[in-house]
Amino acid sequence: MKRTDVKKQKSMTGMHIRRSLFAFPYIVWMAVFILSPMLLILYYAFTSEGGATLENIVQAANWDNMRVLLDSVRFALYTTVLCLLLGYPIAYLLSRMKKTTAALLSVFFIVPMWMNFLLRTYAWKVLLGAFTKILYTEAAVLLGMVYNFLPFMILPIYTTLIKLDKSYIEAAADLGANPATTFLRVVLPLSMSGIISGVTMVFIPSTTTFAISQLLGGGKTMLYGDLIYMKFITEQSWNAGSALSIILLVFVLLSMTFMKKAERKTSDEGGGRLW
Amino acid sequence: MKTSQKIVCLALALLLSLSCFACGGKSAKVTLNVLNWGDYIDPTLLRQFEDETGIAIKYTTMTSNEEMLVKLASADNIYDVCFPSDYIIEKLIADDLLYPINQDNIPNLKNIDPRFLDLSFDPGNTYSVPYMWGTVGILYNKTMVSDPVDSWNILWDAKYTGEILMYDSMRDTIGITLKKLGYDINTRNEADIQAAQDALIAQKPLVRAYLTDDIKMELINGSAAMGVVYSGDAVYCIGENPDLAYVVPKEGSNVWFDNIIIPKTSTHTAEAEAFINFLCDAKVAAQNSDYIGYSTPNAAGLALMGSDYIDDPTYNPPQEVLDRCQIYHDLGDFVKVFSDAWTKIKAA
């Protein structure tokens, strides 16, 4: 008996090792292409001519640079709010449709994403230049950003909404809630996790975007990505560029933790209220 | 059993791919890695060179001088030939990154106009051979601008609000503003930069956009009345839309030279010199200049191009225009003052 146990265990650990082997290429990939550049950025951000220093960070955190960061965050916030206002109703309508119709319609949101976003942004540039007066304004930048990031808002909300148990809505109606109350008190809180992951998926990449603002904004606004590019390439100051990257990284990490916390809180609350 | 089969398969695949590498390496054909600006050579000339010499060319393009500098200065630089501008060459020489060209291997150097040899950034042309040159000026649409265009000040004229295009390049835009204000284009005086910064921030509400290559399209299709362009692009645009005209303002401007260099790390210097000599051939230079629209420093080549080009003041500006233009010099650490000003202008 004992012998077979040992044997069993052995074969199980054997399998375990073999399985983890499959993760090895990815770990190597991460080490080479994600971890080592990160370490280099850390190194350049906190050294100057060989010696350790905080000088780069202090210099990078000057008011002019932070104003650029604030501008980038402002654009990202506008984009996120607009995407939420447009994306939630679309996701809601999709979730109320027949599965097949919804699947067909969501193809229309997904197929354009198969094309490179730069190409689509160039197309917008031509369209806006030919038919409107808003090319090279902030409105054009916002339009381009909302257009590019909208699917990332719709899809997570749609996924939460279709998973939502319809009996809650029926129960709310049975207990006398009108449709507006049902939506505000039942559907909206239950879909909060989808909203939060949609907000994360739109806010983070739109903080760091720069191509859209350059193409549609006519280079009149400098976003944080442009600033980092300028430090590295035009100024050839890898220390300053790395310090700026670290500041952005800290900002992104902070906002992600904040949103993760909000997500946990809403799912706790939602669960509590439901029971 | 299955695992061993897999291993055999993998080993075979590996062997196959390795043997492919081997056959690539066995051939005696030398490959020159060439790094250039986009749209900056007639591609048929590359084929012609390959056919004539049996040397293969691997061609890569960059969009800015600074990107070229990053590539050339990196420890694992693979390029054998590159076409950077004057002030970058100055920096490359200072950093000891260039190969001293053996002029005996470039007999066609005799074709080059002596005006473009022995310039300040590379005395004696030890490290570089002239390729193209030009000026920075204003390209404007005669049907949309009624005032005479002879000064940079027209770019600050509120009458043309929303119709002015500026070049999205720190060095060029701050440079022409320094000239407008009467300062040295290579100033190391912070007060001058401050004045240029204030002027550009004041101008910003009038500007339609800060663009690079897109300026050409906007001016050709009449979306804007005027813009800052390089003379070579002006030649191209005027060819597409005859309503356009080019001026180098009276306050002076930048005259620039793109020269051909060989990085010190190159292992095919003889082949690279053969390529440079090929590009300095009169017929080749003329064909190339005609294709890209930029001015050739090749006197023998220019003679072949006919009066359309020779008499065109945009393509071949008279000496008095050049006399009021300045060459850029490497700014050294002062580049930080420029880029801080540029950040403030863009964030304003």
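The values are calculated or read from the model by the stated rules, or taken from the named source; none is laboratory data. This is a predicted model, so every value here is computed, not measured. Quick reminder, even Gly has a Cβ in these numbers, built from the backbone with ideal geometry, and neighbours come from all protein chains shown.
Restricting B:213, B:157, B:198, B:192 to those that are surrounded by fewer than 22 Cβ atoms within 10 Å (Cβ to Cβ) and under 21 Å from residue B:65 (Cα atoms) reduces the list to B:213. Can we say residue B:64 is under 30 Å from residue B:313 (Cβ atoms) and either modelled with pLDDT under 95 or not small (Gly, Ala, Ser) (or both)? Spelling it out, residue B:64 is indeed under 30 Å from residue B:313 (Cβ atoms) and either modelled with pLDDT under 95 or not small (Gly, Ala, Ser) (or both).
The listed residues are B:164, B:201, B:193, and the only one of them that is within 13 Å of chain A (Cβ to nearest Cβ), out of contact with any strand residue (DSSP E or B) (no Cβ under 7 Å at 6 or more places or on another chain) and in contact (Cβ under 8 Å) with a residue 12 or more places away in the chain turns out to be B:201. If you check A:94, A:155, A:150, A:118 for being part of a helix (DSSP H, G or I), surrounded by fewer than 19 Cβ atoms within 10 Å (Cβ to Cβ) and either at pLDDT below 90 or among the aliphatic types (A, V, I, L, M) (or both), only one passes: A:118. Within 14 Å of chain B (Cβ to nearest Cβ) and surrounded by fewer than 18 Cβ atoms within 10 Å (Cβ to Cβ), is that true of residue A:211? So residue A:211 fits the description; yes. In segment A:158-169, the qualifying residues are those that are part of a helix (DSSP H, G or I) and touching a residue at least 60 places away in the same chain (Cβ under 8 Å), and the one that is nearest to residue A:204 (Cα to Cα) is A:158. So, of the residues in segment B:165-191 that are of a type in the set (Asp, Glu) and part of a helix (DSSP H, G or I), which turns out to be farthest from residue B:257 (Cα to Cα)? If we take residues in segment B:165-191 being of a type in the set (Asp, Glu) and part of a helix (DSSP H, G or I), then B:190 is farthest from residue B:257 (Cα to Cα). Taking segment B:83-118 as the range and being within 17 Å of the chain's Cα centre (by Cα) and not polar (S, T, N, Q) as the test, the residues that pass are B:83, B:84, B:86, B:87, B:88, B:89, B:90, B:91, B:92, B:116. The residues of segment B:92-122 that are within 14 Å of chain A (Cβ to nearest Cβ) and surrounded by 22 or more Cβ atoms within 10 Å (Cβ to Cβ) amount to a single one, B:92. Look at residue B:238 and say whether it is surrounded by 17 or more Cβ atoms within 10 Å (Cβ to Cβ), farther than 25 Å from residue A:216 by Cα and at pLDDT 95 or above. When the stated conditions are applied, residue B:238 passes them. For segment B:62-83, a tally of residues being buried (at least 18 other Cβ atoms within 10 Å of the Cβ), of a type outside the set (D, E, K, R) and more than 14 Å from every other protein chain (Cβ to nearest Cβ) returns 5.
So which residues in segment B:217-235 are crowded, with 20+ Cβ neighbours inside 10 Å, over 19 Å from residue B:157 (Cα atoms) and within 14 Å of chain A (Cβ to nearest Cβ), if there are any at all? Within segment B:217-235, just B:218 meets the criteria. Any chance segment B:319-329 includes a residue that's within 14 Å of chain A (Cβ to nearest Cβ), surrounded by 18 or more Cβ atoms within 10 Å (Cβ to Cβ), outside any helix (DSSP H, G or I) and modelled with pLDDT of 95 or more? Within segment B:319-329 (the criterion being within 14 Å of chain A (Cβ to nearest Cβ), surrounded by 18 or more Cβ atoms within 10 Å (Cβ to Cβ), outside any helix (DSSP H, G or I) and modelled with pLDDT of 95 or more), the answer is yes, since at least one residue qualifies. Where helices (runs of 4 or more DSSP H) fall entirely within segment A:179-260, those with at least 1 residues that are out of contact with any Ser or Thr (no Cβ under 8 Å at 6 or more places or on another chain) and under 29 Å from residue A:59 (Cα atoms) are at A:192-208, A:211-217, A:224-229. Are any residues in segment B:267-301 within 18 Å of residue B:133 (Cα to Cα), touching a strand residue (DSSP E or B) at 6+ places or on another chain (Cβ under 8 Å) and assigned to a helix (DSSP H, G or I), and if so, which ones? Within segment B:267-301, B:276, B:279, B:282, B:285, B:286, B:289, B:292, B:299 qualify. Pairing residues of segment B:330-347 that are more than 7 Å from every other protein chain (Cβ to nearest Cβ) and buried (at least 18 other Cβ atoms within 10 Å of the Cβ) with residues that are among the charged types (D, E, K, R) and assigned to a helix (DSSP H, G or I), at Cβ distances under 6 Å and at least 6 apart in sequence or on separate chains, gives B:330/B:90; B:330/B:91; B:337/B:190.
Kindly indicate whether residue A:232 is surrounded by 14 or more Cβ atoms within 10 Å (Cβ to Cβ), in contact with an Asp or Glu (Cβ under 8 Å, 6 or more places away or on another chain), among the aromatic types (Phe, Trp, Tyr) and on the phi < 0 side of the Ramachandran plot. No; evaluated as a whole, the condition is false for this residue. When segment B:134-164 is limited to residues that are outside any loop (DSSP other than H, G, I, E, B) and among the hydroxyl-bearing types (Ser, Thr, Tyr), the one that is nearest to residue B:258 (Cα to Cα) turns out to be B:135.
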